[in-house]
1. With the requirement that a residue be crowded, with 17+ Cβ neighbours inside 10 Å and over 17 Å from the mean Cα position of the chain (by Cα), what does segment 86-113 give you?
2. Could you tell me which numbered condition Cys247 fails, if it satisfies all but one of (1) at pLDDT below 95; (2) in contact with a strand residue (DSSP E or B) (Cβ under 7 Å, 6 or more places away or on another chain); (3) of a type outside the set (Asp, Glu)?
3. When both residues are 6+ apart or on different chains and their Cβ atoms are under 8 Å apart, which pairs have a first residue that lies in segment 119-143 and is over 10 Å from Tyr84 (Cβ atoms), and a second that is of a type in the set (Asp, Glu) and in a helix (DSSP H, G or I)?
4. Which residue, of Val108, Val87, Val119, Val62, is aliphatic (A, V, I, L, M) and touching a Phe, Trp or Tyr at 6+ places or on another chain (Cβ under 8 Å)?
5. Which of the helices (runs of 4 or more DSSP H) found entirely inside segment 150-264 contain at least 3 residues meeting this: touching a residue at least 60 places away in the same chain (Cβ under 8 Å) and surrounded by 11 or more Cβ atoms within 10 Å (Cβ to Cβ)?
6. Does segment 31-41 contain any residue that is among the charged types (D, E, K, R), at pLDDT 90 or above and surrounded by 13 or more Cβ atoms within 10 Å (Cβ to Cβ)?
7. Does Ser79 satisfy the criteria of being in the same structural domain as Ala245 (by TED's automatic domain parsing), outside any helix (DSSP H, G or I), at pLDDT below 95 and surrounded by fewer than 21 Cβ atoms within 10 Å (Cβ to Cβ)?
8. Could you grab me the full set of residues in segment 322-342 that are in contact with a strand residue (DSSP E or B) (Cβ under 8 Å, 6 or more places away or on another chain) and within 13 Å of Ser364 (Cα to Cα)?
Amino acid sequence: MDWRLSGGQALALYEGAHSALIDLPTLLAAAGATAQLSVYDDDGEDYPYGPPPWVPDRDGIVTIQVRGLLLPRGLYYYSWATSYDAVIYILERAEARAAQRGDVRAVVLDVDSPGGAAVGCFSCAERLRESPLPIVGVANPEAYSGGYALISAADRIYGAKDAGLGSIGVIMFHAERSRALDQAGVTVTVFREGERKARPNSVEPLNDADRLEIKADQAAINSEFVALVATHRGITPGKIQALQARCLTGADAVAAGLCDEIGGMAQARAWVLAKANEGKQQMSVPAGALPQAGAAAGGTPADAQSLAERLAAQVAAAREEGRKAGIAEERTRACGIVAVCDLAGLPGQAAALIKADKSIEQASIDLHAARASAQSGADIDPTQPGTGQGQAGKAPGMSIDAYVAANKIGGKTNG
């Protein structure tokens, strides 16, 4: 994965970027936040470009701009369209810098979007919510539908008095052209196996089953949307449903619990920097909010830990997981070596082979050599892995190779 610069003063992220640009993010990041790169594009214009979006500014803030139509796949990061993949990718790069370099302190989610695809939207919002970095959202100037789903994941939301938020609902359109085709003298004949194959479509009139299926899908997505916002904002689902997907502005959005405070980018940055100094906090709960689960009176919520503590805890958890996996793998290796030694009639060699850090495959090779040496009458050194101790003539019920083949999974053995 890499990034490149494109014309039109837009940063385009994409897979398989030009090899000459592979080291560019590192070079720009090392040059500092004030560094700029001039790119001569196809139009003959010379544009200045700054570092990639996951590089923080002087205050340690990474700004993720969510602009225009929201798309499910691909790394689109433009003024007219943003993909959920790009949002997650930038966030993950920012989190990695926070853990490795410590220069990222917070994230500003700068949203100006009417929404877009439902596919991928909720998982992107949940990924934002899970971030150990403090995140503040700004409706700049609008965060509707999918745009609101994303901004709802922020710890606090700001919007100007004329900013727009909401549209928590689902809309689908179906255009059916059968009558227009009839008038044009075009007859479309559909052959299908499977009653619901390609239903509904644009060349056949909707039937009752089509309508029921569309409404069921719509209701399911809407329920998930409402539950997501209710969880993120601490609002009852009934209160959200009562809005009937309305678009609210300024004070009305604050009163409904969709926004925390009237304000813009300056207020949002000041708030998130203050939170970065004391660790990520739980979002301030608007009026009528549900009590936060697990937050006992006088207790300290997990989100009150400092960013460093949370990152350290995640690293420790990962190390513990790796330690357990290593123990399990070592147990599998040791059991496998004991088993093949037993099959070879050389059980006394197991300890030496295990101590020599042999894999099961390597141990089987040594045991074959030991048995061949014993059968030829050659001297056997019992201190060396892969040599026998007078039991090489024992006939195993299963060959060593058969045991290894039967227990080999993906290059490792299953003991």
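1. Across segment 86-113, the qualifying residues are Val104, Arg105, Ala106, Val108, Asp110, Val111, Asp112, Ser113.
2. (1)
3. Ser131/Glu95; Pro132/Glu95; Leu133/Glu95
4. Of the residues listed, the single one that is aliphatic (A, V, I, L, M) and touching a Phe, Trp or Tyr at 6+ places or on another chain (Cβ under 8 Å) is Val62.
5. On the way: elements: 178-183, 208-233, 237-242, 250-255.
Fully inside segment 150-264 and qualifying: 208-233, 250-255.
6. So the first thing to find is which residues in segment 31-41 are among the charged types (D, E, K, R), and the list is 41.
Checking the rest, the ones that are also at pLDDT 90 or above come to none.
Checked segment 31-41: no residue is among the charged types (D, E, K, R), at pLDDT 90 or above and surrounded by 13 or more Cβ atoms within 10 Å (Cβ to Cβ).
7. Numbers: in the same structural domain as Ala245 (by TED's automatic domain parsing): yes; outside any helix (DSSP H, G or I): yes; at pLDDT below 95: yes; surrounded by fewer than 21 Cβ atoms within 10 Å (Cβ to Cβ): yes.
Yes; evaluated as a whole, the condition is true for this residue.
8. Within segment 322-342, Arg333, Gly336 meet the criteria.
The values are calculated or read from the model by the stated rules, or taken from the named source; none is laboratory data. Computed from a prediction, not measured in an experiment: that's the story for all the values here. Quick reminder, even Gly has a Cβ in these numbers, built from the backbone with ideal geometry, and neighbours come from all protein chains shown.
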